[in-house]
Structure formats: structure tokens, C-alpha cells
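Shown next, in C-alpha cells, is the structure this report addresses.
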Amino acid sequence: MRNTPPTAFLRLCDGLHQDAVTISGGTLDGLASYCLGLLSEADRESLAPYLHQLLEENSAAELKGLMKRVSPAIGFKGRAAVEFLQAIAQRL
């Protein structure tokens with residue numbers, strides 16, 4: 001895993017906060033849609049290859065750790081970090 005995620009990934013994670021959970025209805029799919037709505041088209045395009053590689057090359061524990069480092073306001077339990085990232089990848 002790269003030490004520093006790309007800017008587009010950090011922007012995506014900036015959307016992860018308690019208000020976002022409320023606005024999105026508290027579902028991972030809703031949260032994914034909300035966070036993607038905050039990104040520009042250029043960010044989406046640059047995020048896609050990184051996210052697909054991230055999901056292919058890292059374990060659930062590694063992805064959960066990454067999400068905790070870049071977005072400490074929201075804690076993902078179990079495989080929720082993987083499911084959130086997969087929901088994002090499906091929409092790109």
C-alpha cells in the first residue's frame with residue numbers, strides 16, 4: 001500500500017463525518033453516493049485506478065487501517081471499510 005493516498009482519495013474521505021452518515025440515511029451505499037457527490041469529475045477519474053488497485057492488493061484489515069488513518073471521524077466496523085470502498089468503486 002502506498003504511504004500517501006492520492007488527493008482525490010483524501011477528498012473522498014473528507015466527506016466522512018457524522019453529518020454525512022445522517023444525510024446519507026446511515027447506509028454504506030448512501031454514504032458512498034454522498035461522498036462521490038463531493039468530488040469533481042477529474043477527481044473521480046483519478047480515483048478509479050487507485051481504488052481498484054487498493055481493493056485488489058490489500059486485506060480487509062489493511063483497508064480498515066487506511067480508512068482509520070485518513071478519516072478518523074468515522075469508524076468502520078468489520079468489513080464495512082471494504083464494503084464502502086467497493087460501493088465507491090462500483091459507482092466510478
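Looking only at the stretch 29-36, decide whether some residue is part of a helix (DSSP H, G or I), out of contact with any strand residue (DSSP E or B) (no Cβ under 8 Å at 6 or more places or on another chain) and without any contact (Cβ under 8 Å) to a residue 24 or more places away in the chain. Step through it out loud before you land on a result.
Within the stretch 29-36, the first condition is being part of a helix (DSSP H, G or I), and the residues that meet it are 29-36.
Right, trim to out of contact with any strand residue (DSSP E or B) (no Cβ under 8 Å at 6 or more places or on another chain) and you get 29-36.
This time we only want the ones that are without any contact (Cβ under 8 Å) to a residue 24 or more places away in the chain, so: 30, 34.
Yes, the conditions are met somewhere in the stretch 29-36.
Report every pair of residues separated by at least 6 positions or lying on different chains whose Cβ atoms are under 7 Å apart, first residue within the stretch 9-28 and within 14 Å of residue 70 (Cβ to Cβ) and at pLDDT 80 or above, second among the acidic types (Asp, Glu) and part of a helix (DSSP H, G or I).
Matching pairs, first to second residue: 11/43.
Scanning the stretch 53-77 for residues that are part of a helix (DSSP H, G or I) and touching a residue at least 40 places away in the same chain (Cβ under 8 Å), which turns out nearest to residue 28 (Cα to Cα)? Steps first, answer last, please.
If we filter the stretch 53-77 for residues that are part of a helix (DSSP H, G or I), which is where we start, we get 53-57, 60-70.
Next, from what is left, pick out any that are touching a residue at least 40 places away in the same chain (Cβ under 8 Å): 54, 57, 62, 66-67, 70.
Numbers: 54: 18, 57: 22, 62: 19, 66: 17, 67: 14, 70: 17 Å.
Selected residue: 67.
Name every residue in the stretch 78-92 that is assigned to a helix (DSSP H, G or I) and either loosely packed, with under 14 Cβ neighbours inside 10 Å or touching a residue at least 24 places away in the same chain (Cβ under 8 Å) (or both), in order of residue number. Spell out the reasoning first.
Quick first cut of the stretch 78-92, residues assigned to a helix (DSSP H, G or I) only: 80-91.
Scanning the stretch 78-92 gives 80, 82, 83, 84, 85, 86, 87, 88, 89, 90, 91.
The values are calculated or read from the model by the stated rules, or taken from the named source; none is laboratory data. Keep in mind that what you see is a predicted model, and the values were worked out from it rather than measured. A quick note on method: Cβ atoms are made from the backbone with ideal geometry, for glycine too, and the neighbour counts reach across all protein chains shown.
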